[in-house]
1. Taking neighbour Cβ counts within 10 Å as the exposure measure, how do Asp21, Asp156, Asp161 sort from fewest upward?
2. Between Arg4 and Asn143, what length in nm is gained on full extension when 0.36 nm per residue of separation is reduced by their alpha carbon distance?
3. According to a simple spin-label model (label point 7 Å from Cα along Cα-to-Cβ), what is the distance in nm between Ser29 and Gln163?
Amino acid sequence: MVYRTRTYIAGEWDGDKDAIDQLHHWNKSKHWGLSFTDAHDLTQARDSSLNCSIKSSLATRFNSSKKFVLIVGKNTKTARSGRCQYCASYRSWTSSCSKGRSVDHRSYIEYECEKAIKDNLEIIVLYNAASVNKDKCPDAIRNTGTHVAMRSLREDTYCWDYQAVKNAFS
């Protein structure tokens, strides 16, 4: 029996690393009360792995997760990283790769969102902005879960909104 106790965090790492790092900062800090166990601590795929191998590793992490957190930024919906057609072993005429795996044209983010729904995980969508804009959210989870802005405007400055994020996790 698998115990689902972890939190799976996804996002477009190039554009939203600051928001992902902020979540980890709140989690590791003794001052803040946000607490989760990151599913990505379980396994790591090498950067040279094929996209289908990486997705297999992601599935292992999902199997121990009870929550799925997606950080949505300006490029999340259009991110294409993870599509099998970009790996060196892709063969378009056979719909498979040289490893014999079927081709998956979904990006990592699309795969993760669909897997979270399939696995019936609690879904939290955090926007790396001061407002929720569901047009930037992947279609699979646009109308599912809790959607919260991670930032707020205070005295003409955008600040991280710890309390909004904490409430989404509770």
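1. Values: Asp21 10, Asp156 5, Asp161 18.
So the ranking, lowest neighbour count to highest, is Asp156, Asp21, Asp161.
2. Working: separation 139, 0.36 × 139 = 50.04 nm, distance 2.36 nm.
Once the chain is fully extended between Arg4 and Asn143, it gains 47.7 nm.
3. Rounded to a tenth, the inter-label distance reads 1.5 nm.
Just so you know, all these numbers are worked out from the coordinates, no wet-lab data involved. Every value quoted in this text rests on a predicted model; they were computed, and no experiment measured them. All Cβ positions, glycine included, derive from the backbone under ideal geometry; neighbour counts span all protein chains shown.
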